[in-house]
1. Yes or no: region 369-376 includes at least one residue that is under 18 Å from V278 (Cα atoms), loosely packed, with under 15 Cβ neighbours inside 10 Å, of a type in the set (A, V, I, L, M, F, W, C) and at pLDDT 80 or above.
2. (1) closer than 30 Å to R486 by Cβ; (2) open to solvent by 70 Å² or more (accessible area, probe 1.4 Å); (3) of a type outside the set (A, V, I, L, M); (4) at pLDDT below 90: which one isn't true of S558, the others all being true?
3. Could you please give the count of residues in region 327-366 that are assigned to a loop (DSSP other than H, G, I, E, B) and open to solvent by less than 50 Å² (accessible area, probe 1.4 Å)?
4. Looking at this structure, is R590 charged (D, E, K, R), within 30 Å of P245 (Cβ to Cβ) and modelled with pLDDT of 80 or more?
5. Name the single residue, out of those in region 96-116 being closer than 25 Å to P204 by Cα and among the acidic types (D, E), that is modelled with the lowest pLDDT.
6. Could we say that E232 is closer than 30 Å to L47 by Cα, open to solvent by 50 Å² or more (accessible area, probe 1.4 Å) and either assigned to a strand (DSSP E or B) or in contact (Cβ under 8 Å) with a residue 24 or more places away in the chain (or both) here?
7. Can you say whether P202 is assigned to a loop (DSSP other than H, G, I, E, B), open to solvent by 20 Å² or more (accessible area, probe 1.4 Å) and touching a Phe, Trp or Tyr at 6+ places or on another chain (Cβ under 9 Å), as far as the supplied structure shows?
8. Out of the residues in region 516-546 meeting the condition of being at negative phi, at pLDDT below 75 and of a type outside the set (V, I, T), tell me which one is nearest to the chain's Cα centre (by Cα).
Amino acid sequence: MIVRDIRYAFRSLTVRHNRAFTLATVLTFALGIGAATAIFSIVHAVLLAPLPYGTADRVVHVVGRNVSRGLPEFSVSTPDFLSWRERTKSFESIAALSGEGVNLGAAGRFERVEGVRASASLWDVLEMPLVAGRAFTPAEDTLGGAPVVILGEGIWRTRFGADPALVGRAITVNGASHTVVGIAPQDVGFSTAIAAWLPLAPDPETYGRGDRRLEVVARLAPGVTLAQAQAELDAVSTALATEFPDTNLGWDGAIESSRAWIVGEEARQRLLVLLAAVVVLMLVACTNVANLQIARAAARQREMGVRQALGAARGRLVAQMITENALLAGIGGVLGLALAYAALQAAIAVLPPTTPRLAAFALDWRAALIAVSVAAATAIAFGLLPALAAMRTQLAAVLQQMGRSSVDGQRGPLREILVVVQFTLATVLVVAAALLAQHLDRLQRTSLGFRADQLLVARMTLPQESENIDLTPHLALYDRLLAEIRGIPGVRSVGITSEIPLGEFDTSMMVAPGAGTALTYEHESVQARWRVVSSDYLAALGVPLLRGRAFAAGNAPSRSMILSEGLAKRLFPNGDAVGQTVRLGNGQVRNIVG
């Protein structure tokens, strides 16, 4: 019986006069189900799915902050981290990490990858098992400890063929031999791009309390709440500010959940807005299908009346209508799930590896089931109208109307309501899309601060012979490379930088006006991003110099610095910055030349 109903439903939906209706309904369902499933799957992965940590609700992020200086969230210095580790009891374990580029070498091939220096206690904080091998030992996480490395699962698979025997072997990291002791999961919650983990080996003598560069994560002790841990951290911060007023006055720590750290409030709000938009889109799709079903009902009323007069039982008519519309929803659902899967794969391929929870993007079958169920319920509910109407209509009346349905008048108000609802929802989507398009257009027109047209970028990784790099051979190679590139026809200028604008690796430092032996982080100091560049780098980018000069050519040691206009105005609001000096967080003094 069911097979016969399916066969008849398929034949009915594919006859010539029904093909347009069938195609419109299936495509509408596919679009609504595909969009709803893809977006909800992303929202679930980012905002709802459990983080890959043991008892993840006890894993927290601890940041430094200085409200008086407008720094609500900042990195933590090495001595402050050590003081927190020694003086707090609210944390079962606490760890710090700091990102840095790493030169990874094997078999004569060198590659610049994203690396992290992390405390040996990090894996205790996260309670994440390694794919293979072990974590760092406390002895390895000290100055002079054995040179070891943990590789990320991604590079282990792509570069080393997932060789299990790699653990225990030596590879070259930053020019020195390191023993591979473990393989870390690619998805560690806060990143999917880390290729190499090195011991942090915190050194409070080299990195003082004013040098804030660490991210800190901790695991709350059993029974300790966020409020209790925050109160203890406040007390410790107050004591440190009293003991070290030059560097810690006004600074304290703030605790937030690990998800708030990984996702961020801005990303969370954007996802919720996107989820609301796709819900509206799903409602538009359902009301569109409802209108199609009602429009088709009048055409089918006579068919239903004739079939009933010829002996068809009312139950059989209802079963047939349910089968037809379930088939429509099923086909639309299959196509929608294919669209959702393709959209998720495209998102994984296009989005940067720093996207929150990117590795967790996967088709959520609960979202798919809900979307298909809503679609099927809509199709069946409004598809039953012709059958139910036919049951109340006599055959003679149907034949007399010659296609003019008495139920048209009965359904008029419902159809009008659906049209109004559909128009309203569609208007909301159109207005939102127009605003988004306007915003994107403004972004496209916004100046980046450099000329991106006709600009080509290449990344190089040069081998290192030791941890303490001798730049002399590298600089000679750069000079030869620049000279050869300048000789290429059509090349107007060429430069070298430690990191391209808007690049993956971002570094910052504290800067204050004037000279001196040390920077004590007075209120006039500013946190600023920096790059190391060649003399013609700004010319290659098309960035004009407003005042002063570019760097002098050549590789002679230089203490020159060029400031951005914004930083110059902040540091020297009452005069020209050119010719002035600034102090850096590492104690260096630089001369402003442009």
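1. Within region 369-376, one or more residues are under 18 Å from V278 (Cα atoms), loosely packed, with under 15 Cβ neighbours inside 10 Å, of a type in the set (A, V, I, L, M, F, W, C) and at pLDDT 80 or above.
2. It is condition (2) that S558 fails.
3. Total satisfying the criteria: 6.
4. yes
5. Result: E100.
6. Working: closer than 30 Å to L47 by Cα: yes; open to solvent by 50 Å² or more (accessible area, probe 1.4 Å): no; either assigned to a strand (DSSP E or B) or in contact (Cβ under 8 Å) with a residue 24 or more places away in the chain (or both): yes.
No, not satisfied.
7. Yes, satisfied.
8. S525
The values are calculated or read from the model by the stated rules, or taken from the named source; none is laboratory data. What you see is a predicted model, and the numbers here were worked out from it, not measured in a lab. Note: ideal-geometry Cβ built from the backbone for every residue, glycine included; neighbour counts use all protein chains shown. The area values use the complete protein model at the heavy-atom level, side chains included, leaving out ligands, DNA and RNA. Shrake-Rupley method; radii C 1.70, N 1.55, O 1.52, S 1.80 Å.
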